[in-house]
Structure formats: C-alpha cells, structure tokens
Amino acid sequence: IHSMMFLLLIIAGLGVVTLLVILFAPQIRKYAAGRVCKSTTRLDGKTVLITGANTGIGKETALDLAIRGARVIMACRDVEKGEEAAASIRASYPEARVEVRELDLADTCSIRAFAQKFLREVNQLHILINNAGVMMCPYTKTVDGFEMHIGVNHLGHFLLTSLLIGLLKRSAPARIVVVSSLAHNFGWIRFHDLHSQGSYNSGLAYCQSKLANVLFTRELASRLKGTNVTVNSVHPGTVNSDLTRHSTLMTILFTVFSVFLKTPREGAQTSIYCAIAEELHSISGKHFSDCTPAFVAPQGRSAETARRLWDVSCELLGIEWD
C-alpha cells in the first residue's frame, strides 16, 4: 500500500509540474531565450570566418552577419552539409555573400591546408569565430592522436588562430570570438593526462576543453595588447542543437525540457554581440553570456595555468607562437 501511495504521489507531482510548465510556457520561453544582440552595426566590406557554420548556432551566426553585409566564409568538415546550410541562408536572404570551405579541426594537415589556401585567396579577415565543437563523444582520437574534445575544441582552433593571426592583425580592428561554455566551471586542465588515456569520462573531457577555451582567450588577449585585435569567449546558453547527438540521455532530456532551452538563433546572440557590438571595441580577454559579462570559474582566471596550457599546446602542435 505504501509503495502504491508513493507511486501515486510521484505521478501526481509530475502531473502538477507538467501542468505548470504548460501554463507558464510563454513566460518560461521568454526567460530561457535570454537577451538579444541589439546592435545595428553593418559589416559591409568586412570578411568573417566561422568554423562549424553548417548547423546550430554557427549557421545562425552566419545568417545574421551575412544580413549585415559581411562576406561570410563557412568553414565546415562536411562540405555537402555546409553547402546545404549556405543554400538555406541564401533562401532566407538572397543577397547573402556566403561561401563554404572544407576544414577538419580533427586533422592538423587539413587545418594547415585550409589556412594556406585562405591566406592565398582572402586578403582581409575582420572577424574570426571559433564556433565548431564536439560534445560528449565516445573515446576517439584525432588524426594526430589527440583526445577528440581537447583536439577539436581547443588545439584545432589554437592552430587555426595561430595561422590566421597575422592576417587579423593586418586587417585590424579585428575580433576573435571563442565559443566556450558554462561547462568550463566543471573543468580542470589535467596536464598529467591531457588526452584522457589514464581514464576517460566524456563529460569531464568536454568540460576540460571548454575551460581550455577560456584560458586560451585570456592568454591570447594579453599577447594581443596594442594590436587592435581583441578576443573574448562566450557561453551561448543551453541550446537545443545537435551537439548532444553522442549522448542518448542528453538528447532525451533536451527533447523533454525543450521549453527551457534556447533555439540556435537565441544561442547565437552572444557570439554576434561579441563580434559586432560597438561598446566592445577595446574589450578583450573577457567572458560573456546573454550579451553581458559572465562569471569565470577560478580555474579559468589563473594566468599561470593559461600560460602553461599555451606552452603545452604549442609543443603538441609543433609550433612557435610568441
């Protein structure tokens, strides 16, 4: 009898919660949507590069910046999906100047080939948005033997940025936006086992890579002082996108609680804000969420950890970046 009562109470409780969610859905949606980038900045004559722009917040960012008049280069691993995304952007906005280029951040040869071709054919770069990412994938390694999260989310973008930094400086004023996450709060840089060979937890590997994004932003900002190139990181919010595709549990939770999540367009707002807002023209090394400065975990504020990660990244990639 007790267990029956308990079960009925749980069912009744769930019923009440469901009812409340249905009743207050419009208010919940409004709150979940977060702030919108209100800047009316035009980007005519400007060139933008966005990684992972074929889906989710990357695609929405590409659409917004194309509407503002920018030439938008969409760097995608899957060119076919990239072309589909570009076609849908042109369908929404026929004047859009969008083009797709192949870039696989899990392969340093692909990154170098992309950059070489890019530098030959593109003479200006005003905005670089390091947006692509993997989340909670099963244990896999990149072509170069890096654990996939740290390899794509951090090292791939680290190498890409290093190869394009000269062009960004020559095109100044220029901006770099690094898409991180609230998950950086739960991350630690495991210098003793950066590639999770000792033990692997997909969630923790993701958190480590997102913390690496914040630390990279911090260290790069200090190295770019006086160049008129700024760099800031963003937490897009909890976005209903296909980033959760590797986790069945996350996919189910995201479907059930979709009313509490941002749409990709809502999730793109902070990236757009950091890329164009006039008031950020000299702000660098900061972290943003909902188009406002956001909290950074203590481990993301450590200048010593940021420097050490920089050196280790250069070593792993076989580059010198002063």
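A few remarks follow.
- Among the candidates Ile73, Ile89, residue that is open to solvent by less than 30 Å² (accessible area, probe 1.4 Å) and over 16 Å from Leu128 (Cα atoms): Ile89
- Among residues of segment 42-55 that are open to solvent by 10 Å² or more (accessible area, probe 1.4 Å), none has a beta-carbon under 6 Å from a residue that is at pLDDT below 95 and among the polar types (S, T, N, Q) at least six positions away or on a different chain.
- Look at segment 125-152: where a residue is touching a residue at least 12 places away in the same chain (Cβ under 8 Å) and a partner is small (Gly, Ala, Ser) and assigned to a strand (DSSP E or B), sitting 6+ places away or on another chain with Cβ atoms under 8 Å, you get Leu125/Ala174; His126/Ala174; Ile127/Ala174; Leu128/Ala174; Ala132/Ala75.
- Screening segment 282-322 for residues that are in a helix (DSSP H, G or I), free of Cβ contacts under 8 Å to residues at least 60 places away in the same chain and open to solvent by 40 Å² or more (accessible area, probe 1.4 Å) and picking the one that is farthest from Leu224 (Cα to Cα) gives Pro298.
- Checking each residue in segment 92-124 for being under 28 Å from Val214 (Cα atoms), open to solvent by less than 50 Å² (accessible area, probe 1.4 Å) and without any contact (Cβ under 8 Å) to a residue 60 or more places away in the chain picks out Val100, Arg101, Leu103, Asp104, Leu105, Ala106, Asp107, Ser110, Ile111, Phe114, Ala115.
- Filtered by the rule that a residue be of a type in the set (Phe, Trp, Tyr), modelled with pLDDT under 80 and more than 18 Å from Met135 (Cα to Cα), segment 222-273 gives Phe257, Phe260.
- When the residues of segment 125-141 are filtered to those that are at pLDDT 95 or above and either open to solvent by 50 Å² or more (accessible area, probe 1.4 Å) or of a type in the set (S, T, N, Q) (or both), the one that is farthest from Leu167 (Cα to Cα) is Tyr139.
The values are calculated or read from the model by the stated rules, or taken from the named source; none is laboratory data. Just so it is clear, the model here is predicted, and its values are computed rather than measured. No Cβ is skipped: glycine too gets one built from the backbone with ideal geometry, and neighbour counts run over all protein chains shown. Just the protein is used for accessible areas: all its heavy atoms, side chains included, with ligands, DNA and RNA removed. Shrake-Rupley method; radii C 1.70, N 1.55, O 1.52, S 1.80 Å.
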